[in-house]
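See structure below.
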Amino acid sequence: MSSLDAQAGAARAHAPAAVDAVPMPDATPHWATRVRALHWLVFATVATAVCAVLARDWVDDGGLGKALMRVHTQAGVLVLAFALFRIVSRLAARAPQTHDRRALAGRAAALIHLFFYLALIALPLLGWGYLNAKGKPVLLFGLELPRIVGRDRDLAETLQSLHTTLAWTFLAIVGLHVLGALWHHFMAKDDVLRSMLRPRKTPAPATSLPTPPVDEVIE
Ligand code: HEM
Ligand code: HEM
């Protein structure tokens, strides 16, 4: 039984009998608002960085290519900032009980999530280090960010290859993650995708009786 069911049960036990007539709020567990907002913000920023760097291969114009690369690096640095916020907000939030997290698939998903957090930190740092090792600055909204490594051609080659390999591994695993989310929604027909998409609905009470305190968000 989820903690939400337990809360609902406790609220029913302490409420007057008439309260049973009040429709219970939607009991679908969901991720805390901050976690959901940061999940989709990170997704949008990663998508921007990846589209920009891939579009670079399709343009002949050197100026446009450079602009796309600037979009890539700045979006990448923002991913780093959002990921740090995200890790903090995630540590402060419990995961909702949308499915059995002790089952093999649940453990595999947890490993993938851990890999995502590490990659969201490592990828931007590798890209940043690569540019610095090539002797180039990394800019964010026109401001030069501190150099994290000195100029070094061999190091630049290593960091470039690590950045590229990790980037494609990360994108392949994101693909699996998305397939997993769609499988839960369309095949298992459970609340896993919904828990990351929407806030809990709290319908207006049908009577003037006070609504029992069962609609607290799992934060
Ligand atoms: C989560 C963030 C990031 C992702 C997902 C990402 C992903 C990628 C991908 C897919 C490529 C193309 C690799 C290829 O051509 O095969 C790439 C290239 C590149 N990235 Fe990133 N990147 C990120 C962050 C950054 C950051 C923060 C910087 C620098 C500050 C950066 C600098 C570069 C550079 C310079 C290249 C071109 C490498 C080359 O020309 O071979 N990236 N990145
Ligand atoms: C850059 C792309 C993405 C990254 C890095 C990412 C990362 C993560 C992480 C780390 C979690 C664990 C929750 C947390 O700790 O915050 C998570 C959960 C989740 N993500 Fe993503 N995600 C991405 C894209 C997507 C997309 C496109 C979808 C939907 C099609 C999706 C659906 C979900 C769902 C449903 C959960 C909840 C899983 C559960 O409750 O076990 N994600 N994601």
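Some values worked out for this structure:
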{"read-out": "Which numbered condition Leu68 misses (of (1) more than 17 Å from the chain's Cα centre (by Cα); (2) in contact (Cβ under 8 Å) with a residue 60 or more places away in the chain; (3) surrounded by 14 or more Cβ atoms within 10 Å (Cβ to Cβ); (4) more than 10 Å from ligand 1 (Cβ to nearest atom))", "value": "(2)"}
{"read-out": "Residue identified as closer than 25 Å to Gly180 by Cα, of a type in the set (A, V, I, L, M) and near ligand 1 (Cβ under 10 Å from one of its atoms) among Ala75, Ala103, Ala122", "value": "Ala122"}
{"read-out": "Val149 modelled with pLDDT of 95 or more, over 30 Å from Lys189 (Cβ atoms) and part of a loop (DSSP other than H, G, I, E, B)", "value": "yes"}
{"read-out": "Members of the range 125-136 that are surrounded by 13 or more Cβ atoms within 10 Å (Cβ to Cβ) and outside any helix (DSSP H, G or I)", "value": "Lys134, Lys136"}
{"read-out": "Positions within the range 91-124 being assigned to a helix (DSSP H, G or I) and among the acidic types (Asp, Glu), in sequence order", "value": "none"}
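The values are calculated or read from the model by the stated rules, or taken from the named source; none is laboratory data. None of these values were measured; they are calculated from a predicted model. Neighbour counts run over all protein chains shown; Cβ positions are idealised from the backbone, glycine included.
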